[in-house]
Amino acid sequence: MSEKVPIQVPRLAPFITLLGAGLVIAFGVAFFAVLGNVPNPQRLMTPIVVTAPPQFTGNIEARVAAADPGKGAAIFEKYACNACHRAEDGVGPALRGMGARAATRRPNYSAAAYLYESIIEPNAFIVPDYANIMVSNYKAKIPEVELFDLIAWLLRQ
Ligand code: HEC
């Protein structure tokens, strides 16, 4: 017996190390799998609260109500929105009915708030079945006055 001990220990050591490493990895994988699948109520609710950058929270409706929808069509062309948005579905969702759909896309979003977010932060919500290719620098490009005129017009499409 005493002769075998020095032989067995070096042979078992790598096996035990491997087993230990395997267990650590298995637990790690299981941990993140569980973490990823458990519905987290806080995470589900957060996007509803973050409607738009702080400076407009709460008064998007007022800004849109005071805007001039009559200028919207020209602004839509000026920023080449019509390259992707035509009357019917194409590269982007159809212009026709956009205002009505905007009210239904995201829970607790008004149509105006949804349109506002869709334009200045298109990555925040990707319309199902569409590619995430909408130009994403309108926040820097479109002055506020034009943005709200545009939204007021889109609401009527
Ligand atoms: C390069 C193509 C492209 C351009 C240019 C573009 N869009 Fe889009 N847009 C898309 C695509 C694709 C989607 C759907 C995917 C998504 O949600 O990002 C979309 C989604 C939208 C939505 C949400 C529509 C819905 O039915 O929910 C709005 C509103 C919108 N765009 C407005 C605009 C406005 C206003 C402009 C111009 C300032 C513009 N887009 C320019 C491609 C484009």
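A short reminder: the numbers here are calculations on the coordinates, not readings from a lab. Nothing here was measured: the structure is a model prediction, and the numbers come from that model. For neighbour counting, all protein chains shown are included, and Cβ atoms are generated from backbone atoms with ideal geometry for every residue, glycine included.
Things worth noting here:
- Largest-first ellipsoid semi-axes for the stretch 55-157, taking √(5λ) over the Cα gyration tensor eigenvalues, angstrom: 18, 16, 14
- Averaged over residues, the count of other Cβ atoms within 10 Å places the peptides 88-99, 145-156 in the sequence 145-156, 88-99, highest first.
- A crude spin-label estimate for the pair E77 and N108, with each label 7 Å from Cα along the Cβ direction, gives 4.0 nm.
- For the stretch 68-78, backbone phi angles converted through the Karplus equation (6.51, -1.76, 1.60; θ = phi - 60°) give residue-by-residue couplings of 10, x, x, 8, x, 4, 5, 5, 4, 6, 4 Hz, Gly and Pro being listed as x.
- Net length available on complete extension from I126 to V145 is 4.3 nm, with 0.36 nm assigned per residue and the Cα-Cα distance removed.
- Each of A94 and V135 was given a label point 7 Å from its Cα along the Cα-to-Cβ line. The distance between the two points is 2.4 nm.
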